[in-house]
Amino acid sequence: MRMTLLRLAGAATAGLVAAAALTTAAHSAEAADTLGSAAAGQGRSFGAAVAANHLDEAGYTATLNREFTSATPENEMKWDATEPTRGTFTFAAADQVVNHARGQGMDVRGHTLVWHSQLPPWVGGLGAADLRTAMNDHINRVMGHYKGRIHSWDVVNEAFQDGGSGARRSSPFQDKLGDGFIEEAFRTARAADPAAKLCYNDYNTDGVNAKSTAVYRMVQDFRSRGVPIDCVGFQGHFNGNSPVPADFQANLQRFADLGVDVQITELDIEGSGTAQADSYARVVTACLAVDRCTGITVWGVTDRYSWRSAGTPLLFDGDYRAKPAYGAVLTALGGDGGGDPGDGTASCTATYTRTADWNGGYNGQVTITAGSEPIGSWSTTVTFPSPQRVQAAWNATTTWDGGGSVMTARPSWNGPLAAGASTSFGFTVTKNGSDAAPAVGACTAS
Ligand code: G3I
């Protein structure tokens, strides 16, 4: 008798989950429900760094195609990838990204032509005259291959030193060609593809500081002398040691006032939950407040493949579930996560974190975050891999299904949430030999 009841309850719950999934799918077909469409509504692009070797993964490509309107090859256009030996150019991996992106109607950011890192050893071995020729050849061949297909090129990347010196960074280019290599690279680039916007790109230049001021002076000088430069890229790699600076917007604005576009080119913010979401929202809000801030690119699609994976710095978790930061970005962009802004459509996201771990068990926490409308209630499911068993759960009312493996969680006292607000529930699990993470289902709001 008990088994029969459980099965019936299971069928009902499965129906509920299917309905929630359908609702989510219907919403994501609407215009302002994605990062890309919401940013487009603000006249901006919203991009991601893309790695060619993940394009065959369904979740990766589905998320990329649905959410983003711009793509930056993460490594495939760098010198070591495109010209590993002098005069031999390999474009296969970069072509994959460019063809995929353009096939989806995305812009492509070219990254990067002249950089001290990911530089094949032969470049460092050249004498000055030869190096100048090699640099110009490299720019001409790579830009020539993609001529007319690249929105913006990072012509020179990270040419300034960190710290307070304001000096140029030592590199084969700097050491052998002097300061003038940057100007020469930009002039060569303009001739190679006159339609592409030409950017200087760097990190730790997001706020007003000695390094960003050194870059500012260079751009000011270029503008006054007619050296072709159209944009400055601010990478935006943030974490606890390097948070979003208070003067981020002011810094973007002072560059824009020089007559160049500004772009956030490699955004990622280590952290989780509301703190991470708030920081992301600040970056988006700052960009929107600067007319010439034309686009934001996050440095990857999913935390799983981020260069700072352990810091979970991106908008989608390892299973392509939208994190609270995603909702915050969408809201800041004026998107609504499920309908037109102000139309009262309730939505929410559910994200999972393991908060404690020991030999025989672990504690998990699921954070529920309301979308851009207040919600009255929420529910989600958590499926535990066999043979794990839940010992206790708190801050939610739970019902069970799937022979004790699927937990449906609903509010106990914490149903109503303001727009963008979060609550969480938790549980203690006995591993019984399985250390796998539970799967959190879609969040349903009402
Ligand atoms: O592809 C090889 C793989 O075959 C090999 O097994 C593996 C072993 O280490 O290495 C793989 O290559 C790595 C590559 O990423 C692809 O994952 C390189 O070692 C690794 O150095 C490379 O790191 C990249 C890093 O630039 C190199 O400087 C990151 O993916 C990339 O996200 C990062 O991007 C930079 C921007 O270009 C410029 N601004 C900073 C940003 C973050 O460092």
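Just so you know, all these numbers are worked out from the coordinates, no wet-lab data involved. Quantities reported herein were computed from a predicted structural model and do not represent experimental measurements. With ideal geometry, Cβ positions are generated from the backbone for all residues, glycine too; neighbour counts draw on all protein chains shown.
Binning the C-alpha pair distances of the chain at 10 Å intervals from 0 yields a P(r) profile of 4, 20, 28, 22, 14, 9, 3, 1, 0 %, listed from the shortest bin outward.
Put in order of Cβ neighbour count within 10 Å, fewest first, the listed residues 131, 252 become 131, 252. Remark on residue 424: its backbone amide H falls under 5 Å from those of 368, a criterion applied only to residues 5 or more positions apart or on other chains, H modelled at 1.01 Å from N. Using just its DSSP H runs of length 4 or more, each adding -39500 (n - 2.57), the chain gives a mean residue ellipticity at 222 nm of -10500 deg cm²/dmol after division by all residues. Farthest toward the positive end of the dipole of the range 216-329, out of 276, 289, 253, is the Cα of 253, where the dipole comes from beta carbon charges about the Cα centre. For residue 147, a cut-off of 30 angstrom between C-alpha atoms picks up these lysines, skipping any fewer than 8 places away in its own chain: 78, 176, 197. Relative to the current alpha-carbon distance between residue 210 and residue 165, full extension at 0.36 nm per residue lengthens the span by 15.5 nm. Between residue 430 and residue 126, residue separation times 0.36 nm minus the direct Cα-Cα distance comes to 103.3 nm. Can you tell me the FRET efficiency between residue 133 and residue 95 if r is taken as the Cβ-Cβ distance and R0 is 22 Å, rounded to the nearest 0.05? For residue 133 and residue 95, the calculated efficiency is 0.30.
Dipole size of the range 318-426 about its Cα centre, with +1 on Lys/Arg Cβ and -1 on Asp/Glu Cβ: approximately 400 debye, rounded to the nearest 20. Each Lys or Arg adds one and each Asp or Glu takes one away; over the other residues whose Cβ falls under 11 Å from the Cβ of residue 380, this sums to +2. Taking Cα centre as origin and charging only the Cβ of basic (Lys, Arg, +1) and acidic (Asp, Glu, -1) residues, the dipole magnitude of the chain rounds to 340 debye.
With one equal scatterer per alpha carbon and no solvent term, the Debye-computed log10 I(q)/I(0) for the range 189-299 at 0.09, 0.11 1/Å reads -0.23, -0.34.
For the range 382-446 versus the range 125-149, the inter-centroid distance based on Cα atoms is 55 Å. Rounded to the nearest 10 degrees, the angle from helix 273-289 to the longest Cα principal axis of the chain is 40 degrees.
Converting phi to 3J(HN,Hα) with the Karplus coefficients 6.51, -1.76 and 1.60 and the offset θ = phi - 60°, the range 81-93 yields 8, 9, 9, x, 10, 4, x, 9, 9, 10, 10, 4, 5 Hz in sequence order, with x at every glycine or proline.
DSSP bridge analysis restricted to the range 124-268 gives an antiparallel fraction near 10%, rounded to the nearest 5.
Put in order of Cβ neighbour count within 10 Å, fewest first, the listed residues 170, 279 become 170, 279.
Applying 1/(1 + (r/R0)^6) with r as the Cβ-Cβ distance of residue 418 and residue 179 and R0 = 60 angstrom yields a FRET efficiency of 0.70. Set Lys and Arg Cβ to +1 and Asp and Glu Cβ to -1, take the dipole of the range 135-215 about its Cα centre, and tell me which of 140, 172, 210 lies farthest positive. In the range 135-215, that residue is 140. With 0.36 nm allotted per residue and the present C-alpha distance subtracted, the residue 400-residue 439 stretch has 12.6 nm of extension available. Look at the dipole of the range 211-330 built from charges on Cβ: of 301, 262, 240, the Cα furthest out on the positive end belongs to 262.
Going from the residue with the fewest nearby Cβ atoms within 10 Å to the one with the most, 77, 407 rank 407, 77.
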